[in-house]
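Below is one structure, written out as structure tokens, with a few remarks after it.
The values are calculated or read from the model by the stated rules, or taken from the named source; none is laboratory data. None of these values were measured; they are calculated from a predicted model. Cβ placement follows ideal geometry from the backbone for every residue including glycine, while neighbour counts extend to all protein chains displayed.
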Amino acid sequence: MQEQTLKKVAIVGRPNVGKSSLFNRLARQRDAITSDMSGTTRDVKKRIVTISGNRDFEVLDTGGIDYSSELFTKVAEFSLRAAEEADVIIYMVDGKTIPAEEDRELFYKLQEMNKPLALVVNKIDNDKEEERYWEFLEFGAEATFPMSVSHNRYFNDFYAWMETHIPAIEEEEVGLELEEDEEMDPFAKVVEQIHAEQEKVIDNKIRVAIIGRVNTGKSSLLNALLGEERSVVSDVAGTTIDPIDEMIEYDDHEVTFIDTAGIRKRSKILGIEKYALTRTTEMLKEANLVILMLDATQQVSELDERVAGLIEEHKLACLIVLNKWDIKEDRSYEEVVDDIRDELKFLHYAPFLTISAKTGLRVDKILDQIVAIYKRYTYRIPTSDLNDTLRAAIRRHHVPSHNGAVVNIKFATQYETKPPKIALITNRPEFLHFTYIRYLANFFRNKFDFEGVPLDIVARKRGQRIDDDEDYI
């Protein structure tokens with residue numbers, strides 16, 4: 001039985017009309033960044049979406065079409081190419097403004113592509129504002145819909161129109177082998193090309209959270225990195241209460257350090273320190289990378305594990321820094337690292353660096369490590385390289401069957417960065433054992449060098465929605 005191909009739907013329009021909000025509504029998750037600032041969407045999002053229970057399609061959230069700068073012009077070119085590759089186009093306009101000539105020209109250009117095209121007039125937030133929608137009927141669109149994405153209004157007619165162009169998915173068996181010469185989906189090619197273009201614009205803003213137990217030397221480290229005293233240093237545990245942000249430029253990167261408040265055992269958190277713990281956790285949500293500070297003179301404790309657990313929870317890149325190496329106990333580096341690896345198994349990917357924040361020993365190595373790890377954290381594996389490596393891994397160790405049922409992986413695709421997220425498209429995802437996924441993760445690590453970076457790997461059927469709440473490997 002031949003496999004059914006999913007329809008492709010591109011959401012296009014000028015900046016700040018609500019494209020990412022509609023994408024999030026369709027995907028039923030807050031994924032794409034939405035704001036009132038024009039040009040927010042640059043890292044293109046692509047998701048499998050289901051409507052009416054059994055109608056699946058791929059939706060692409062494109063960048064706003066704007067020719068005001070070289071970067072925006074390139075984004076606009078790719079947005080229009082995405083429309084060319086799509087089966088269905090949704091063109092969005094801002095219903096709070098009068099019809100603009102730029103929108104007319106863009107809409108007529110899309111009409112020339114001769115494919116299903118809907119004009120969505122967004123931001124019609126109540127019945128009184130609906131009269132503004134009538135002004136856009138002059139575009140002569142085949143289908144025009146008023147909508148308020150933010151208030152979830154007027155969606156029924158829009159979904160009914162979508163159903164006429166999105167067929168129901170029939171249950172069928174996925175191919176059982178990894179095809180050597182399978183053509184990449186043109187829609188996926190557009191996404192990859194957009195990402196490649198975006199990577200030319202250097203993602204050089206790194207937010208580093210310095211986290212650890214109280215009195216491990218976080219403030220001393222910050223002062224050593226900055227070359228001046230900007231954070232209060234004291235032998236009294238818990239001196240730092242409010243997180244302090246400091247930015248420096250290094251190797252063409254803007255590195256912002258978050259000197260977090262020390263974390264005590266919960267039973268010892270009193271008053272303002274309880275507030276500091278909450279602030280620390282909140283700051284981690286804004287971080288890309290974490291420096292986990294450990295005291296080389298002390299054994300790893302249960303509290304260290306809990307602190308490190310925050311890194312796992314937020315899926316952050318990590319560097320483990322062993323401070324006070326100048327006054328450590330008489331133990332070898334190998335012994336210390338083995339002990340930490342044994343206690344913090346879930347941070348197996350994190351490299352170690354031994355320092356003395358007080359004397360400056362090897363502190364200068366930290367910035368190089370931060371930049372190198374962040375580059376891996378934002379790395380997108382070319383699809384052809386990823387699948388070549390997958391084939392090599394399968395040839396070395398075949399996918400185990402499950403109670404006689406053959407389990408085959410058809411292909412792999414990386415659908416996100418920060419951290420790198422990879423979907424394995426397989427005929428029986430529920431039977432792909434976690435140990436084999438771990439084997440593939442290690443194989444990918446050895447091939448592509450993901451030191452310091454968690455990998456998020458999920459198994460899915462073709463056409464199955466990829467959620468972002470999986471544990472990482």
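For the structure I just gave you, tell me whether Ala118 is in contact with a helix residue (DSSP H, G or I) (Cβ under 8 Å, 6 or more places away or on another chain) and assigned to a helix (DSSP H, G or I). Answer is no for this residue. Anything in segment 85-99 that is in contact (Cβ under 8 Å) with a residue 24 or more places away in the chain and exposed (fewer than 15 other Cβ atoms within 10 Å of the Cβ)? List them, or say none. Within segment 85-99, Lys96, Ile98 meet the criteria. Note on segment 429-440: residues that are surrounded by fewer than 19 Cβ atoms within 10 Å (Cβ to Cβ) and in a loop (DSSP other than H, G, I, E, B) total 1.
Do you know which of the residues in segment 360-391 that are in a loop (DSSP other than H, G, I, E, B) and among the basic types (Lys, Arg) is farthest from Gly227 (Cα to Cα)?
Here the residue is Arg380.
Could you list all residues from segment 55-95 that are of a type in the set (Val, Ile, Thr) and either modelled with pLDDT of 85 or more or outside the structural domain of Glu130 (by TED's automatic domain parsing) (or both)? The answer is Val59, Val88, Ile89, Ile90, Val93. A count restricted to segment 392-427 and to residues that are part of a helix (DSSP H, G or I) and in contact with a Leu (Cβ under 6 Å, 6 or more places away or on another chain) stands at 1. Taken over segment 28-54, the criterion of being of a type outside the set (D, E, K, R), at pLDDT 75 or above and closer than 17 Å to Gly18 by Cβ is satisfied by Val49 alone.
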